[in-house]
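Inspection log for the structure reproduced underneath, given as structure tokens.
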Amino acid sequence: MLKLYGSTTSPFVRRIRILLADKAHEYINMQIFEGPDRQVLRELNPTLKIPMLDDGGQIIFDSRVIFRYLTEKFALGSLSWAQENQLTLIDSVNDALVHKLLTQRSQVEADPQKLIFRLQQERIETVLQALEAQLTSGQFGDWGYPEICLYSMLDWALFRELHSLQAYPALRAFHAEHNNKAEVQATDPRE
């Protein structure tokens, strides 16, 4: 049986949990920053990141690679290059937001004059503008993997209060449109 290791609050884990909603699997919720779960993570995944998938001893790292693995395993169909680029946009802003959260939790003052903080903020704004434009032009039409990833990132940003979506009406509407799906509700990090 597939085993998915992760944290209920991770947007990268959530996207895989939603993808696996109708597939038999075991979900192992971990506390990845300390304790015995940190040691398990260290033993199985040298990147020390989640999600991580175990398929009968075959360990797969990273949500993008896990998606590719599951696509082949379950014949889900591949993504177009445009969709791959959408995932790169989503992952980019997601990574920048994770950096922002870790900075806050480390009690490092985010100085907008410092290069690292300025670049991360610029990336967040630029990518959100691009995603807003894509939604406005009719992209992200189905409820496939790119849409799942977009929803997971947006909901996580709102959940962690990392970025306002006030300037992005299409992103807000997209979030609201998918908020009541059963698999979204079942993986809500607020629960």
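Remarks
- Any hit, segment 37-59, residues being among the acidic types (Asp, Glu) and within 30 Å of Asp142 (Cβ to Cβ): yes
- Options Lys49, Lys23; residue that is surrounded by 15 or more Cβ atoms within 10 Å (Cβ to Cβ) and without any contact (Cβ under 8 Å) to a residue 60 or more places away in the chain: Lys49
- Of all residues making up segment 152-175, the number that are among the small types (Gly, Ala, Ser), open to solvent by 30 Å² or more (accessible area, probe 1.4 Å) and under 21 Å from Thr9 (Cβ atoms): 1
- Residues located in segment 86-124, provided they are within 16 Å of Arg160 (Cβ to Cβ), out of contact with any helix residue (DSSP H, G or I) (no Cβ under 9 Å at 6 or more places or on another chain) and basic (Lys, Arg): Arg105
- For segment 26-39, the set of residues classified as open to solvent by 70 Å² or more (accessible area, probe 1.4 Å) and within 21 Å of Ala96 (Cα to Cα) consists of Phe33 only.
- With respect to the stated conditions, Leu76 fails to be crowded, with 17+ Cβ neighbours inside 10 Å and touching a helix residue (DSSP H, G or I) at 6+ places or on another chain (Cβ under 9 Å).
One line per residue, one yes/no per condition, for (1) open to solvent by 30 Å² or more (accessible area, probe 1.4 Å); (2) without any contact (Cβ under 8 Å) to a residue 24 or more places away in the chain; (3) not small (Gly, Ala, Ser):
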{"site": "Ile116", "(1), (2), (3)": "yes, yes, yes"}
{"site": "Glu132", "(1), (2), (3)": "no, no, yes"}
{"site": "Thr136", "(1), (2), (3)": "yes, no, yes"}
{"site": "Leu150", "(1), (2), (3)": "no, no, yes"}
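- Within segment 62-73, being out of contact with any helix residue (DSSP H, G or I) (no Cβ under 7 Å at 6 or more places or on another chain) and surrounded by 12 or more Cβ atoms within 10 Å (Cβ to Cβ) holds for Asp62, Val65, Arg68, Tyr69, Thr71, Lys73.
- The condition of being free of Cβ contacts under 8 Å to residues at least 12 places away in the same chain and in contact with a strand residue (DSSP E or B) (Cβ under 8 Å, 6 or more places away or on another chain) holds for only one of Ile60, Ile28, that being Ile60.
The values are calculated or read from the model by the stated rules, or taken from the named source; none is laboratory data. Only a predicted model underlies this, so the values are computations on that prediction, with no experimental measurement involved. Note that we place each Cβ from the backbone using ideal geometry, even for glycine, and neighbour counts take in every protein chain shown. Each accessible area value is taken on the protein alone, full model and side chains, heavy atoms only, with ligands, DNA and RNA left out. Shrake-Rupley method; radii C 1.70, N 1.55, O 1.52, S 1.80 Å.
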